[in-house]
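The structure appears below as structure tokens.
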Amino acid sequence: MNKNKAIENNILKQIQPTENDRKTLSSIIADITEKVNQEIQIRKINASTTLVGSTAKDTFLRNNLDVDLFIMFPSNTQKEFMADHVLSMGRTLLDETEECYAEHPYIRGIYQDFKIELVPCYNIQDASQKLSAVDRTPLHTNYVIEHITEQQKNEVRLFKQFLHGIGCYGAEASIQGFSGYLCEILIIQFDSFYNLLTNAVDWKPGTKISLLKKKIPSFPETLIVIDPVDPERNVASAISPETFNLFKKASKAYLKNPKKSFFFPNPIKPWPMEKIKTIIQNGLYEYIGICFPKPDIIDENLYPQIRKACKNIETICTAYGFNVHNILSMVNEKNKQIYLIIQTDKEPISERNTHIGPPMDLEPHQTKFLEKWENNSQVIHGPYEKNKRWYVDIRREYTQIQPFIKNVLPSLSLGKHIEPIIKQQFTIMNTEELFKEQFQEFWTKHLDKKDTWER
């Protein structure tokens, strides 16, 4: 029995679209669809329009009235032809346009204060005919419309708002969370928001969920939810282990103590900078910042590169002997800068580094090891024998992480777009230089460690 129904009903009153919302949205959809169809006729191209996404499925939230209009072409159409016409239509019909490039280029902009996306795709009847990932989207829309009940639409709304509140909504690379389609599939599977959360607390990494009565293929991801439209696809592939664990934690906490802040968390109240400085200065760690210009690429390409950069920086630092406890990232859209912030020990590492060699009498490795290190200027002690193995103590060039990073950073593999920028321009910032107002919210979140619903 759902004891949380009262709070969920109150939340629904805040997130369900009003009749006025629906009328306005319907009018906008009809208007923009008509104008796109007119453009198709004027251009004399073989294409048709279809509404997709949450507005088509009636699972949208009151504060999210975006319109996704797909323009479908026959499968023998050249990609360049599709892209040229759809981008041109967008420039003609929309204001404040932004052209985006994924598998198919698409365009988004504003039409009478509404956010509109015009996306080209191939017109397919079955997922096996897809030529790119977006071609499945109209099939996803049709599946949900055919299988979801009226009551489940509100359950989807609750689930989406809950994920927004805990920071897990969105399959984009910056969030690595739950897509809207995944929300709908899970509610169809479990029938209600409450049932879904009750099940989710027992999920283990590798949990498999499917609406189909078929054998579930293996996938490497943390959560596996089979796409009923394309059974070879995992709808939950975007979800990171961190998001998976946060969702489970939030589900358990909500079921134990439901409250509005799970859906609408209180905003972060940045701590005074003096408090932040005192905590860090009296703590065990120092922080080293790497600052460089943000490349002009979409988030789907940017965030995987940021994660790759963090991983490779941590790997090289750890291999040298530095203790890296965390590498945090911050993208400042206002000044178009990226900051990678390394949390490490305050104490410098030892100048002496013990290098483990091969077992004694293992040739030719023993001879090569001895030839390399005997009379080497880096050697402090050795080579020497210990437990039937060769060792040598070498003098480290760096005992502080800051000059080490400055030296090795330009030579690391950091991502296709980040790497050339780093080779030309980057700044190393010490802890004191990170005590700036622009980092106030960042430091508060990092040091406070409260979950969104606990603020």
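The values are calculated or read from the model by the stated rules, or taken from the named source; none is laboratory data. Small disclaimer: the values here were computed from a predicted structure and weren't measured. Positions of Cβ are generated from backbone atoms using ideal geometry, with glycine treated the same way; all protein chains shown enter the neighbour counts.
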Legend entry - Criterion: closer than 17 Å to Ile405 by Cβ and either part of a strand (DSSP E or B) or without any contact (Cβ under 8 Å) to a residue 60 or more places away in the chain (or both) - qualifying residue of Ile316, Ile356, Ile306, Ile288: Ile288
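Within the range 43-58, is there a residue that is of a type in the set (D, E, K, R), over 30 Å from Gly165 (Cβ atoms) and part of a loop (DSSP other than H, G, I, E, B)?
yes
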Inset, instruction - Of the conditions (1) touching a strand residue (DSSP E or B) at 6+ places or on another chain (Cβ under 8 Å); (2) within 30 Å of Lys260 (Cβ to Cβ); (3) hydrophobic (A, V, I, L, M, F, W, C); (4) not in a helix (DSSP H, G or I), Leu25 clears all except one; give me its number. - result: (4)
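Give the range 281-305 a look and list any residue that's among the polar types (S, T, N, Q) and in contact with a helix residue (DSSP H, G or I) (Cβ under 8 Å, 6 or more places away or on another chain), or say none. Can you show your working first?
If we filter the range 281-305 for residues that are among the polar types (S, T, N, Q), which is where we start, we get 281-282, 301, 305.
Across the range 281-305, the qualifying residue is only Gln305.
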Inset, instruction - Have a look at Ile40, Ile28 and point out the one that is within 16 Å of Leu118 (Cα to Cα), without any contact (Cβ under 8 Å) to a residue 60 or more places away in the chain and not assigned by TED's automatic domain parsing to the domain that holds Arg157. - result: Ile40
Legend entry - Matching residues in the range 120-173 - criterion: being modelled with pLDDT of 95 or more, in contact with a Pro (Cβ under 9 Å, 6 or more places away or on another chain) and β-branched (Val, Ile, Thr): Ile166
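Taking into account only those residues within the range 229-278 that are hydroxyl-bearing (Ser, Thr, Tyr) and in contact with a helix residue (DSSP H, G or I) (Cβ under 8 Å, 6 or more places away or on another chain), which is farthest from His147 (Cα to Cα)?
Our first condition is that a residue be hydroxyl-bearing (Ser, Thr, Tyr); within the range 229-278, this holds for 237, 240, 243, 251, 254, 261, 278.
Add one more test, that the residue is in contact with a helix residue (DSSP H, G or I) (Cβ under 8 Å, 6 or more places away or on another chain), and what stays is 251, 254, 261.
Numbers: Ser251: 25, Tyr254: 28, Ser261: 31 Å.
Once the filter is applied, the top-ranked residue is Ser261.
Mind checking which residues of the range 251-280 are among the polar types (S, T, N, Q) and in contact (Cβ under 8 Å) with a residue 60 or more places away in the chain?
Narrowing the range 251-280 to residues among the polar types (S, T, N, Q): 251, 257, 261, 266, 278.
Selection gives Ser261, Asn266.
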Inset, instruction - Could you figure out which of (1) within 19 Å of Gly53 (Cβ to Cβ); (2) touching a helix residue (DSSP H, G or I) at 6+ places or on another chain (Cβ under 9 Å) isn't true of Ile110? - result: (2)
Inset, instruction - Scan the range 266-322 for residues that are of a type in the set (Lys, Arg) and either surrounded by 17 or more Cβ atoms within 10 Å (Cβ to Cβ) or within 20 Å of Lys450 (Cα to Cα) (or both) and jot them down. - result: Lys269, Lys275, Lys277, Lys294, Lys308
Inset, instruction - Could you tell me which numbered condition Lys311 fails, if it satisfies all but one of (1) assigned to a helix (DSSP H, G or I); (2) in contact (Cβ under 8 Å) with a residue 40 or more places away in the chain? - result: (2)
Inset, instruction - Determine whether the range 300-320 contains at least one residue that is modelled with pLDDT under 95, among the hydroxyl-bearing types (Ser, Thr, Tyr), under 21 Å from the mean Cα position of the chain (by Cα) and not assigned by TED's automatic domain parsing to the domain that holds Glu98. - result: yes
Inset, instruction - Could you pull out the residue among Lys204, Lys248 that is in contact (Cβ under 8 Å) with a residue 24 or more places away in the chain and among the basic types (Lys, Arg)? - result: Lys248
